[in-house]
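Some notes on the structure that comes next.
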Amino acid sequence: MPLEWTVVLLLVPAACAGLVEVVPGRSAVNAVAIAGALGSLIAVLAIVQQVLLQGTATTPMDALYVDALSAVLLLLLSVVGLASVLYSVDYLGREGSPHSLSLPQLRRYHAFVLLFLFTMFLVGEANNLGLLWIALEGTTLVSALLVGFYHTRKSIEASWKYLVLCTVGLVFALFGTLLLYLASATASGSAGASLDWTALIQIAPKFDPGLVRLALVFLFVGYGTKAGFAPLHTWLPDAHSEAPTPVSALLSAGLLKCAIYALLRVDAITLRMPGFTFATWLFLGFGVVSVLLAALFILVQRDLKRLLAYHSVEHIGIISIGIGFGGPLGLFGAIFHMVNHAATKAALFLAGGDLAVAARTKDLDEISGALTAIPATGTVLLIGGLALAGVPPFSIFASEFLIVSSGFQAGDWVVAVILLVALAIVFGGLLLHLTSALFGPKPRQGFPGIRARVVGTALAIGLLLPLVVGLGLLLPNPLATLLHDAVRVVMG
Amino acid sequence: MTSDGLLLLEIAASVVLVTAWIALVHRRLDAQVRLYAIQSLALAVISGLVAYLYSAPLLYLTGALFAALNGALLPWILLTVRRELRIPPEANMLVSVRGSALAGLGCLLLAVAVVGPLTPLAAVPAAGLLPISVTVVLVGLFVTVSRRKAFSQVLGILVMENGVFLAGLALTYGLGILLELGIAANLLVLAIVSRLFLHRMKDSFDSLDADVLRSLEG
């Protein structure tokens, strides 16, 4: 039997999550965690290669099913996962790290992170939409434990809110999934009903539009809560700011994309229903509300991590608008933007965590002169900040440009202009916050909490930064092919 | 025989609806948990009846699983947690009993309005259960948002899940045993994680009113 990389991808993080509980000593625990994340990345690369050659990577009966769209998700998850684990080792893993954990805590932390990766990989690999739901609810349960990892009052508050809101949302999503199942049962007539995406996509043209419309309402409220669509985003800034920094990076860069991915799968189904545009309107509506609301909050936000969290709401909105504009250009922009935002936001969270450690505060008003005090971190923050604000030549500019152009091309002038206005506000807001923290006079004593050992941090950011910068200049051929194929998966 | 089965189905469905409604207006937490257990057992009975009436044998298994987990294990966990943490036995309601009763009625009307037109579409004969299932989902949602105690919020979510389970039975004979198992596993983990958080909340805040969770804004 050939080696099924799709299965390996699930086994590696699961096995390592077990292993970190038993291996002796800190270094071994850290090493196993890194091995788990690195092993996952290798498995994903093997899967991507298979998808590029054969179109899909599956197991018998299509229980696990990876096409180009899921391959993109797996790729971004595994890269961000590895970066986050490498950073964790520096940040939490060693004795003398700024937030050093005791050995039992460290074991639990790494185990949860690896299980979190496992559930997110399962989201990407599930063919059955019911299994996808189970995996997404699984991400909530594990990541709630990570958000509340510090046991502080604020982190308990944030994780409880997160758990309750997202679980309630997901109950609605389960209901929506059921309605989709009903649509499939009604369309296929008899016992052939299935929740397998590969089966749904075949009979989608026969679905009852009224039923699917109702299903979409529930699915958007459910998965939209998890994706961080405004006004369902209220859990997001709390969870992102109270979680340990490497977890914030995983939440923002990885988890939100998983929820958007679920909605993209549903979108693919509705795109095969003739004359059905309801999903388009939902994507555009939630997208517009998200970018506008996020823009306002970004202007007034002083806490570094909350600022980044509202940027997540903004970028999820941009992705959603891209999907709503649709067409090859809009979808390409949206899926490309998922990758770019993941890399940029993860890099920013990690560098921001470093800044917060050095300055001993997350309050941007109290920080100044970071570029001279901690030049390496400061430079990453500058590049990341400019990239996040949509400045050329960085990758986010490239995908935003595609999305805006697709809007004008599709004739959605109003939404495209709203998007441009929101982007301008965000640009101003971000520059305002960053200039004072990065430039400005350096504190006379220097920063109080500069870290000594940063190998893992350097590796983590070294993994992400080339994507932030490079993908805006040059899209490597395999990735371009993968993205084009992903668009074709959605459009049919 | 079949008409007897249908009658039993209707009785069990009424039990599901009535337990949701009583739990909504009842002030005692323990009683609410027991009502949840009764509701879950009624759902297990419905599962068995649908299995019998529509020859879907796997639903016997689903029903047994549901009875064990939602009818026994989860209520037991909840009652234990309440005793461990010495949560005061009275529900702390943001909305009065009368208001809650009216809200329950509102849920029913809303459910009929939303999914009423759907029913004739269904390929599955037991689809008449659909409005009841949506009512239960909405009642669960109302409990989650209108109670101050974190404990009640968990209970509300569990009631919502019960509603979705009924919808699954009504619409599609359930989602299949494997998926039901997965959902059940998730529910169990949810209960365990919630218990953990309730303990932490008790330790940190010395209160389990979700009201104390108000420091993060903006």
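So that you can scan it fast, the table gives a plain yes or no per residue for (1) buried (at least 24 other Cβ atoms within 10 Å of the Cβ); (2) touching a helix residue (DSSP H, G or I) at 6+ places or on another chain (Cβ under 6 Å); (3) away from every other protein chain (no Cβ under 14 Å):
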position	(1), (2), (3)
A:Ala63	no, no, no
A:Ser88	yes, yes, yes
A:Leu101	no, yes, yes
A:Arg108	no, no, no
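Condition check ((1) under 17 Å from A:Met491 (Cβ atoms); (2) touching a Gly at 6+ places or on another chain (Cβ under 7 Å); (3) not acidic (Asp, Glu)) across all residues:
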site: A:Thr270; (1), (2), (3): yes, no, yes
site: A:Gly275; (1), (2), (3): yes, no, yes
site: A:Phe297; (1), (2), (3): no, no, yes
site: A:Arg306; (1), (2), (3): no, no, yes
site: A:Gly324; (1), (2), (3): yes, yes, yes
site: A:Pro328; (1), (2), (3): yes, no, yes
site: A:Gly333; (1), (2), (3): yes, yes, yes
site: A:Ala346; (1), (2), (3): no, no, yes
Options A:Val85, A:Val44, A:Val80, A:Val48; residue that is in a helix (DSSP H, G or I), among the hydrophobic types (A, V, I, L, M, F, W, C) and more than 18 Å from the chain's Cα centre (by Cα) | A:Val48
Hey, can you tell me all the residues within region A:1-46 that are touching an Asp or Glu at 6+ places or on another chain (Cβ under 9 Å) and within 12 Å of A:Leu74 (Cβ to Cβ)?
-> A:Thr6, A:Leu9, A:Leu10
Does A:Gly429 satisfy the criteria of being of a type outside the set (Asp, Glu) and part of a helix (DSSP H, G or I)?
-> yes
Inside region A:397-419, the number of residues satisfying the requirement of being surrounded by 16 or more Cβ atoms within 10 Å (Cβ to Cβ) and either within 25 Å of A:Ala342 (Cβ to Cβ) or not acidic (Asp, Glu) (or both) is 14
Given the conditions (1) modelled with pLDDT of 80 or more; (2) more than 10 Å from chain A (Cβ to nearest Cβ), every one holds for B:Leu141 apart from (2)
So which residues in region B:45-67 are at pLDDT below 95 and within 30 Å of B:Asn92 (Cα to Cα), if there are any at all?
-> B:Phe66
Do you know which residues across region A:38-73 are touching a strand residue (DSSP E or B) at 6+ places or on another chain (Cβ under 7 Å) and not β-branched (Val, Ile, Thr)?
-> A:Gln50, A:Ala57, A:Asp62, A:Leu64, A:Tyr65
For A:Asp363, the lone unmet condition from (1) surrounded by fewer than 24 Cβ atoms within 10 Å (Cβ to Cβ); (2) within 20 Å of the chain's Cα centre (by Cα) is (2)
Test A:Leu434 against the criterion of being outside any loop (DSSP other than H, G, I, E, B) and closer than 22 Å to A:Ile367 by Cα, and give yes or no.
-> yes
Which residue, of A:Gly330, A:Gly378, is in a helix (DSSP H, G or I), crowded, with 24+ Cβ neighbours inside 10 Å and touching a residue at least 40 places away in the same chain (Cβ under 8 Å)?
-> A:Gly330
Only one of these is at pLDDT 95 or above and within 14 Å of chain B (Cβ to nearest Cβ): A:Val404, A:Val313, A:Val300, A:Val339. Name it.
-> A:Val313
In region A:383-426, which residues are outside any helix (DSSP H, G or I) and of a type in the set (Gly, Ala, Ser)?
-> A:Ala389, A:Gly390, A:Gly411
Looking only at region A:203-223, decide whether some residue is more than 14 Å from chain B (Cβ to nearest Cβ), of a type in the set (A, V, I, L, M, F, W, C) and surrounded by fewer than 24 Cβ atoms within 10 Å (Cβ to Cβ).
-> yes
Can you name the residue in region A:234-251 that is touching a Gly at 6+ places or on another chain (Cβ under 9 Å) and closer than 18 Å to A:Phe286 by Cα and, of all such residues, is surrounded by the most Cβ atoms within 10 Å (Cβ to Cβ)?
-> A:Leu236
For region A:121-177, which residues satisfy the criterion of being at the interface with another protein chain (Cβ under 10 Å from one of its Cβ atoms), among the polar types (S, T, N, Q) and assigned to a helix (DSSP H, G or I)?
-> A:Thr140, A:Ser155, A:Ser159, A:Thr167, A:Thr177
In the list A:Ala347, A:Ala351, which residue meets the criterion of being over 12 Å from the mean Cα position of the chain (by Cα), under 24 Å from A:Ala458 (Cβ atoms), modelled with pLDDT under 95 and more than 14 Å from every other protein chain (Cβ to nearest Cβ)?
-> A:Ala351
Single match in A:Phe276, A:Phe325 (criterion: of a type outside the set (Ser, Thr, Tyr) and under 15 Å from A:Ile403 (Cβ atoms)) | A:Phe325
Residues (outside any helix (DSSP H, G or I) and free of Cβ contacts under 8 Å to residues at least 60 places away in the same chain) located in region B:163-187 = B:Leu175
Quick check: anything in region B:124-133 within 13 Å of chain A (Cβ to nearest Cβ), surrounded by fewer than 21 Cβ atoms within 10 Å (Cβ to Cβ) and at pLDDT 90 or above?
-> no
Sole exception among (1) within 10 Å of chain B (Cβ to nearest Cβ); (2) surrounded by fewer than 20 Cβ atoms within 10 Å (Cβ to Cβ); (3) not in a helix (DSSP H, G or I) for A:Ala193, by number | (2)
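The values are calculated or read from the model by the stated rules, or taken from the named source; none is laboratory data. What you are looking at is a predicted structure, and each value in this text was computed from that prediction instead of being measured. Methodologically, a virtual Cβ is constructed for each residue, glycine included, from the backbone with ideal geometry; neighbour enumeration extends over all protein chains shown.
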